[in-house]
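Colleague: The structure's right below; bear with me while I get my questions together.
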Amino acid sequence: MKPESDGFRIELDPENERADIVLDRPPLNVVRMAQRPLLRAAFEAFDRDPAVRVVVVRGEGEHFTSGGDIPGFMEASPETVSQLHKNIAAAERCSKPVIAAIRGFCMGVGFELALACDFRIAGKTARMALPEINLGMIPGSGGSARLQRMIGISRAKNVAMRARRITGQEAYDWGLACELVEDSDLETATDALVKELRRFSPLAQRTLKQVFNAGENAPLEQAMEIEGQAYGRLRMSADFAEGVASFVEKRRPNFRGE
């Protein structure tokens, strides 16, 4: 499965059940308007592909991306730009784990895309920002909303309303990045996380992602109900039976996603 692309390429690694979306419009990997629905289509295709267990988003070269193609916004209709967040949210909607591997610039729509991923690994040169206020505009692909939920309203205002750049160290300290590594170790760290995620039950993994996403904005009692219902459904799964059997027999489980 190789969906049509514009400014990015798809790399498939069947042996490791991995699919990479590589932002590839050097030197800054600018994301054009036409690229956004194609990115959405790529995530949706990976979601349907049983051969893909983990999706990785990364940039070619020294940068993740400097952000969107600014003149393109003036050519798009108000209706088009008001719906842009639905394309970027495809990473969040994807039922499989999605990793953003970030070095250099990760700005604008690139930062919004990274925030929609499940895991962010930051190189020490990473610089993340929502710079739209410099243009008399605001983030339009979910950036302000997700950032506020992740780091709190005070920090989010300080970042977005001042177009402030978050360093890789700050991203790690604030919990935005799950790992902070030397740039030279970014690929190794990403490979290791992909390998780790593939150890777990695909069924439990996608169920847990759904529980997190559904419960994020729900009251605590409702979120616990969502979790409990999902727990009850998994109780009857073959993967859970295999997990219990492997624990008792002291062996590695053979999960099949069923």
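None of the figures in this text is laboratory data; all of them are computed from the coordinates on show. Treat the numbers as computed from the prediction; the structure is a model and nothing was measured. Cβ: placed from backbone, ideal geometry, glycine included. Neighbour counts: every protein chain shown.
Colleague: Order these peptides, 244-251, 42-49, by their mean beta-carbon neighbour count within 10 angstrom, highest first. Numbers along the way, then the final one.
Modeller: Values: 244-251: 9.9, 42-49: 18.1.
Per-residue mean Cβ counts within 10 Å order the peptides as 42-49, 244-251.
Colleague: Calculate the length of the line joining the C-alpha centroid of the range 37-92 to that of the range 139-211, in whole Å.
Modeller: 16
Colleague: Could you work out the mean projected area of the convex hull around the alpha carbons of the chain, in square nanometres to one decimal? Please report the intermediate quantities before stating the final value.
Modeller: On the way: hull surface 58.8 nm².
The orientation-averaged projected area of the Cα hull of the chain comes to 14.7 nm².
Colleague: Report, in debye and to the nearest 20, how large the dipole of the chain comes out about its Cα centre when Lys and Arg carry +1 and Asp and Glu carry -1 on their Cβ. Write down the numbers at each step before the final one.
Modeller: Working: 35 positive and 37 negative charges, 82 e Å.
Rounded to the nearest 20 debye, it is 400 debye.
Colleague: Now for a different question. So, in nm, how far is label Ala34 from label Phe212 when the simple model puts each one 7 Å beyond its Cα toward the Cβ?
Modeller: In this crude label model, Ala34 to Phe212 measures out at 3.5 nm.
Colleague: Right, next: Identify all lysines with a Cα-Cα distance to Lys250 below 23 Å; exclude those on the same chain that are fewer than 8 residues away in sequence.
Modeller: Qualifying lysines at Cα under 23 Å: Lys195.
Colleague: Using Cα positions and a limit of under 27 Å, work out the lysines in reach of Lys86, with same-chain residues fewer than 8 apart set aside.
Modeller: Leaving aside lysines fewer than 8 places away in the same chain, those within reach of Lys86 are Lys2, Lys96, Lys157, Lys209.
Colleague: Would you mind counting up the charge near Phe73? Only other residues with Cβ under 15 Å from its Cβ, with Lys and Arg at +1 and Asp and Glu at -1.
Modeller: Numbers: positive: Arg32, Arg36; negative: Asp69, Glu75, Glu79, Glu112, Glu132.
That works out to -3.
Colleague: List every residue whose amide H lies under 5 Å from the amide H of Arg127, counting only residues 5 or more places away in sequence or on a different chain, with H placed 1.01 Å from N in the peptide plane.
Modeller: Gly104, Phe105, Cys106
Colleague: Let me ask something else about it. Sum -39500 (n - 2.57) across every DSSP H segment of at least 4 residues in the chain, then divide by the residue count to get the 222 nm mean residue ellipticity, nearest 500. Could the numbers behind the result be given before it?
Modeller: Values: 13 runs with 118 residues, N = 258.
When only DSSP H runs of four or more count, the value is -13000 deg cm²/dmol.
Colleague: Moving to a separate point now. For a quick protection proxy, order the peptides 139-145, 70-76 by their average other-Cβ count within 10 Å, most packed first. Numbers along the way, then the final one.
Modeller: On the way: 139-145: 21.9, 70-76: 12.1.
In decreasing order of mean packing, 139-145, 70-76 become 139-145, 70-76.
Colleague: DSSP beta bridges in the chain, what fraction antiparallel, as a percent rounded to 5?
Modeller: Expressed as a percentage, antiparallel bridges in the chain total about 25.
Colleague: With an 8 Å cut-off on Cα pairs and a minimum separation of 6 or more residues, tell me the relative contact order of the chain in percent. If you can, show how the numbers build up before the last one.
Modeller: Working: 473 pairs, mean separation 37.4, N = 258.
This gives 14 percent for the chain.
Colleague: If you count, for each residue, the other Cβ atoms within 10 Å and average over each peptide, how do 219-230, 168-179 line up from highest to lowest?
Modeller: On the way: 219-230: 12.6, 168-179: 18.4.
My ranking of the peptides, most packed first, is 168-179, 219-230.
Colleague: A further question on this structure: With angles folded into 0 to 90 degrees, how steeply does helix 238-249 sit against the dominant principal axis of the chain? Use alpha carbons for both and round to 10.
Modeller: Relative to the chain, helix 238-249 is tipped by roughly 60 degrees.
Colleague: Per-residue HN-Hα couplings for the range 104-113, Karplus 6.51 cos²θ - 1.76 cosθ + 1.60 at θ = phi - 60°, whole Hz, x for Gly and Pro?
Modeller: Ordered by residue, 3J(HN,Hα) equals x, 5, 9, 10, x, 4, x, 5, 5, 5 Hz.
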